[in-house]
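J.: Can you keep this structure in mind? I'll have questions shortly.
The values are calculated or read from the model by the stated rules, or taken from the named source; none is laboratory data. On a predicted model such as this, the values are computed, not experimentally measured, just so you know. We place every Cβ from the backbone using ideal geometry, glycine too, and count neighbours over all the protein chains shown. Ligands, DNA and RNA are excluded from the accessible area calculation, which covers all protein heavy atoms including side chains. Shrake-Rupley method; radii C 1.70, N 1.55, O 1.52, S 1.80 Å.
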Amino acid sequence: MKKKVFFVMLIVLLTLSTNAFAAGSSETKMEKVTLTMGSWRADDVDAMNNLLEAYSLVAPNVEIEFKPTNPADYNATLRLQLESGTGPDLMYARSYAPGIELYQAGYFENCSDIEGLSNFTKSNKAPWMAPDGNMFAVPFAAVSHGVYYNKDFFMKAGIDIPTTWEDFLMACKKLQDMGITPLANGLADEWDILETFFLGALPNYIGGANQRVKYETGEMKLNDEKFIKAFTAMRDVAKYCPKGFESVTYNDSQALFATAKAAMFIDGSWSVGTYDGVGFDWGIFAIPAPKGNNTAICFHPDMAITMNTTTEHPEEAKAFLSWLCTVEGATTASKYLPAGFFPMINAPIAIELPQANEFLALNEGKETDARFVWPVLLALYSPMDQAVIKVMKGEITPTQAANDLQKAYENLDL
Amino acid sequence: MSNKSLKKHNRHTLYHVIMIIWCFIVLFPIYVLIINSFKTRLSIYINPFGLPKKFNLSNYTTIFKDSSFLIYFKNSFVVVILSLLLMIIFSSLAAYALAFWRKKQARLLFFFLIAGMMLPIKIASIRILEIMKFLNLLNTIWSLIPIYVAMGIPIGIFVLTEFIREIPLELTQAAIIDGAPRFKIFTLIITPLIKPALSTVAIYNLVPYWNDLWFPLIFISDEESKTLLLGVTRLFGQYQTDWSKVLAVLTLSAIPVLALYLSMSKQFIEGVTAGAVKG
Amino acid sequence: MKLNKQNKHLSVEPSGWYWLLYIIPALLIYIIFMAYPLLDSLRLSFYTGSNSSNREFIGFLNFKKLFTDETLSVRYKGAFSHTIIFFLINMVFQNGLGILFAVIITTRTMKAKSFYQTVIFIPTTFAVLVTGYLWKLLLNPIWAGDTLSKIGLGFLARPWLGTKSTALVVVSLISCWQWMGIPTMMFIAALKNIPKDCLEVASIEGATAWQTFTKIKVPLIKPVIGMVTILTFVNNFNAFDIIFATETVNGAPNYATDLLGTFFYRIGIAGEHPIAIADPGLGAAVATITFIVLLLGVIPMLRYTSGDN
């Protein structure tokens, strides 16, 4: 009896699965090249599908399937797949060291001979240029960082957009006195406080790329006054974060701002589409510099796309990359890309969402740079992150934090 | 006598109090999960623990519209059931031999076979990927089954061998003296006696099989071959900023495995009582 | 007649080859899909390099690095001690309550037994994503604070998961919450196997519930207690998912909940965010040491529980 049940189940299961096989094989009848694209932007499924559909008008015989992995899993799974020869044909490439490493390991194709690359400025190409001078990906999008603010709260409190860090702290105090949580930022996820807040504000204290280089070479020390001042700013702002900010996640922060439980949120431009349809008026301003310094912007080269060296369809893959480098391709891409990801091509491209334009406008007349640690000092990411968190929790002083950071720098083998 | 039954009554009351407290600790988060999956995006955070003002079904309908939920479900079901069956058959056969074969080699084999549960299988991912590529199983659900069976075997053998060793020797001795073949002893005497252990092992592995994300993640990228958790995890990323949808996704992913558990645990409870009547 | 006798002889003491037939299916699958890939990957602990093209033999340097490198050794020791604490909390709390629940559920005259049993098991069926998400919400003062202060429990609204001193304990308890169903289920199976006459004798002789428990039930289910202990030990020393879901892969805050499992994953599988360059050799070294520790723990436990037979 039992045996019978077992066999019946087995047969049912097998028929179920052969059906699946049959369904799968009927698709391959069409004479079409299918490419897969790996990405860490799981949020962008709809946007990318629209973009790829637009591309199918350009190249009707090519179908590109967007197959994203959640950001937390992307690095680990992509590497495994590449190493075992099962990687996607096209994929997003990280900027600087993580991308260079995969290029040097022979997984990313050399893209230098794609003509359209001349449409990009040198500084926009640099993040994806290997030490041998070759491009290992084509630039796709950059992100910016700034302060999202609730205009209703600002009006109620009678605050203008602060232009100095001192004014910013005053504004926070005023909001707090009125019983409003000034800032939505928290520490639980650890990456956001560093990447959007501290690194977003850092150019205000040390200046742009030409200054950053001095820290990379060791000409300037990471425990100089400028860094201590930057850490002090983090200490001062901690009391304006939500109660229990130690366990506030990035998602929590977004929800706090979106439900008008906090007046401001220092976040990246990629969130600009998230607050569609919240019940209040909001805008963006640059993280203000301390008195006497010029406000500078952290404008970060984030995404590029490259192709697998072992793809079976190198021509089709390259054609897609070339298209992305044309003004036409970049315009189409920026039309479909989620708001807050800015095209990097050297051509005027109109952006629809007003707040995204506000973000881009922050760059005007200001110095910009990538996130401080990315170009060379990526190994300092964790020490810097931990230092920021400890300062905000009051476990160490800003001076100690800066000293810890300098010590971590000295321990690097550069 | 009445003193004793009073005592018993008090003990029962205490037991119920303990269980009700635990039930609350378990059920409250589940209540939060379910009610919030019927809210709209931001209203979760306005009142996270209250009932929704209006039950909003759109989270669920979007999920069914956006994804091949039924295909995912079918894939997971096939993979889990086949893996469990094979794992149980292979482990119980091996456990039977290892329990009765009282030699040093058996001891060593036993150690070798259970050692696998002490290492994180993730470390072997590259080799496993290469094997699956070689077998041409990538992007199919069949790649998952051998790996799950292999993953379940150490625990299966470990638990079942211990249970079979616990069976009083007299029960099998009589049959051996009667000249019954060893395989008959296995199917007719051992299997019914270890039924609770078999369902324990099945349930123990059911959860990691059903909820495994790692191997589907590295083996499978085609929509038609995705398992439920892989499918919903992609939605998790896609809806990151829409928490009510995330909760709906999570609720949906938990229901089938709970149903499978319930069907197996019924077997488990029945098996135990059947054994108890006999014993 | 003669044939029959021979047959009888065969079945009394079958040869090793006969028993091997039963083991071969399991052994084959296990070797191909588990033992070989695992052993081959552990071999990497003697190599350096992030992928097959730049691999280099370096002897025991990876092991040495784990204990001597300034930042790495601090993290490793931290992860090791957190794992021990995590294991102990799970061991005591989860298995202690598991036995209690099993005793309650196997009390013959209790009502609603199967309801309780099902409820205990429900969290076990959740993907850790669910567990992590739910408890992050529930333990967050931002969202739970208002409700808690309304019912006079405002003091409970603290950032439990974000405070160094509480995070590890709280995460361990969340893990207990999730996996409670497993030991409970195994203890129930064991307790139900106790012959009824043993318990009846005890009851006739007027033994209290506590006496029955310590003098009869515990000795009789000792093998299962040993088994659950071993499984708890093995599973918690490789625990990863629950930390990943509640405290990020870094074991936030400030590595306070970093376990061997998360440490291994960061080093050997994914690489540190955002560099994301894994070191499979170093990862293999971490896994090898964990494996040896587990073997050293499990072998005496096995001896102890099955040596009595």
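J.: Here are some residues: B:109, B:70, B:93. Which one is in contact with a helix residue (DSSP H, G or I) (Cβ under 9 Å, 6 or more places away or on another chain) and closer than 30 Å to residue B:38 by Cα?
T.: Exactly one residue qualifies, and that residue is B:70.
J.: Okay, next question. Can you say whether residue A:265 is under 18 Å from the mean Cα position of the chain (by Cα), open to solvent by 10 Å² or more (accessible area, probe 1.4 Å) and aromatic (Phe, Trp, Tyr), as far as the supplied structure shows?
T.: no
J.: Among the numbered criteria (1) of a type in the set (Gly, Ala, Ser); (2) open to solvent by 20 Å² or more (accessible area, probe 1.4 Å); (3) assigned to a helix (DSSP H, G or I), which single criterion is violated by residue C:152?
T.: (3)
J.: Out of everything in the range A:163-185 that is under 28 Å from the mean Cα position of the chain (by Cα) and closer than 17 Å to residue A:253 by Cα, what residue ends up being most open to solvent (accessible area, probe 1.4 Å)?
T.: Checked the range A:163-185; the qualifying residue most open to solvent (accessible area, probe 1.4 Å) is A:181.
J.: Are there helices (runs of 4 or more DSSP H) fully within the range A:110-195 with at least 3 residues that are over 21 Å from residue A:371 (Cα atoms)? List them.
T.: Filter on the range A:110-195 gives A:151-157, A:165-177.
J.: Of the residues that sit in the range C:65-120 and are of a type in the set (S, T, N, Q), open to solvent by less than 60 Å² (accessible area, probe 1.4 Å) and in a helix (DSSP H, G or I), which one is farthest from the other protein chains (Cβ to nearest Cβ)?
T.: For the range C:65-120, the residue satisfying everything is C:81.
J.: Can you pull out the residues in the range A:233-252 that are closer than 24 Å to residue C:245 by Cα and either buried (at least 21 other Cβ atoms within 10 Å of the Cβ) or touching an Asp or Glu at 6+ places or on another chain (Cβ under 7 Å) (or both)?
T.: A:241, A:242, A:244, A:245, A:246, A:247, A:248, A:249, A:250, A:252, listed by residue number.
J.: A further question follows. Let me confirm something: among B:200, B:187, which residue is open to solvent by 10 Å² or more (accessible area, probe 1.4 Å), closer than 30 Å to residue B:78 by Cβ and at pLDDT 85 or above?
T.: B:187
J.: Looking at this structure, is residue B:97 surrounded by 21 or more Cβ atoms within 10 Å (Cβ to Cβ), free of Cβ contacts under 8 Å to residues at least 12 places away in the same chain and of a type in the set (Gly, Ala, Ser)?
T.: yes
J.: Name the single residue that is nearest to the other protein chains (Cβ to nearest Cβ) among those in the range C:193-214 being under 32 Å from the mean Cα position of the chain (by Cα), at pLDDT 85 or above and open to solvent by 80 Å² or more (accessible area, probe 1.4 Å).
T.: Only one residue tops the list, namely C:210.
J.: So which residues in the range C:121-144 are in a helix (DSSP H, G or I), within 14 Å of chain A (Cβ to nearest Cβ) and without any contact (Cβ under 8 Å) to a residue 12 or more places away in the chain?
T.: Within the range C:121-144, C:134, C:137, C:138, C:142, C:143 qualify.
J.: Out of the residues in the range B:219-245 that are in a loop (DSSP other than H, G, I, E, B) and more than 7 Å from chain A (Cβ to nearest Cβ), state the one that is nearest to residue B:40 (Cα to Cα).
T.: Within the range B:219-245, the match that is nearest to residue B:40 (Cα to Cα) is B:242.
J.: Which residues, counting only those in the range A:339-354, are open to solvent by 30 Å² or more (accessible area, probe 1.4 Å) and either within 22 Å of residue A:277 (Cβ to Cβ) or of a type in the set (Asp, Glu) (or both)?
T.: A:339, A:351, A:352, A:353, A:354
J.: For residue A:86, are the conditions met, namely being farther than 25 Å from residue A:356 by Cβ, away from every other protein chain (no Cβ under 13 Å) and touching a Lys or Arg at 6+ places or on another chain (Cβ under 7 Å)?
T.: Considered against the rule, which asks whether it is farther than 25 Å from residue A:356 by Cβ, away from every other protein chain (no Cβ under 13 Å) and touching a Lys or Arg at 6+ places or on another chain (Cβ under 7 Å), residue A:86 comes out as no.
J.: May I pose another question? If only one of A:230, A:317, A:255 is in the same structural domain as residue A:126 (by TED's automatic domain parsing), buried (at least 22 other Cβ atoms within 10 Å of the Cβ) and either charged (D, E, K, R) or assigned to a helix (DSSP H, G or I) (or both), which one is it?
T.: None of the others qualify; the one that does is A:317.
J.: Then there's this: How about the range B:67-94: which of its residues are facing another protein chain (nearest Cβ under 10 Å), more than 30 Å from residue B:111 (Cα to Cα) and without any contact (Cβ under 8 Å) to a residue 40 or more places away in the chain?
T.: Passing the criteria: only B:74.
J.: Something else now. Of everything in the range A:269-308 that's under 25 Å from the mean Cα position of the chain (by Cα), farther than 22 Å from residue A:334 by Cβ and of a type in the set (S, T, N, Q), which residue is least open to solvent (accessible area, probe 1.4 Å)?
T.: Across the range A:269-308, the extreme among qualifying residues is A:308.
J.: How about the range A:196-221: which of its residues are touching a helix residue (DSSP H, G or I) at 6+ places or on another chain (Cβ under 6 Å) and either among the charged types (D, E, K, R) or assigned to a strand (DSSP E or B) (or both)?
T.: Within the range A:196-221, A:221 is the sole residue that qualifies.
J.: Scan the range A:50-76 residue by residue and report those that are more than 11 Å from chain B (Cβ to nearest Cβ) and either under 20 Å from residue A:271 (Cα atoms) or among the hydrophobic types (A, V, I, L, M, F, W, C) (or both).
T.: Across the range A:50-76, the qualifying residues are A:50, A:51, A:52, A:54, A:57, A:58, A:59, A:62, A:64.
J.: Something else about it: For the structure I just gave you, tell me whether residue B:203 is within 8 Å of another protein chain (Cβ to nearest Cβ), touching a Phe, Trp or Tyr at 6+ places or on another chain (Cβ under 7 Å) and part of a helix (DSSP H, G or I).
T.: In short, yes.
J.: For residues that are more than 24 Å from residue A:120 (Cα to Cα), among the aliphatic types (A, V, I, L, M) and outside any helix (DSSP H, G or I), tally how many sit in the range A:349-398.
T.: 2
J.: If you don't mind, there's one more thing I want to ask. Quick check: is even one residue across the range A:337-348 away from chain C (no Cβ under 12 Å), farther than 30 Å from residue C:165 by Cβ, more than 21 Å from the chain's Cα centre (by Cα) and free of Cβ contacts under 8 Å to residues at least 40 places away in the same chain?
T.: Yes: one or more hits.
J.: Pull up the range B:19-66, narrow it to residues that are touching a Lys or Arg at 6+ places or on another chain (Cβ under 7 Å) and away from chain A (no Cβ under 14 Å), then point me to the one that is most open to solvent (accessible area, probe 1.4 Å).
T.: B:56
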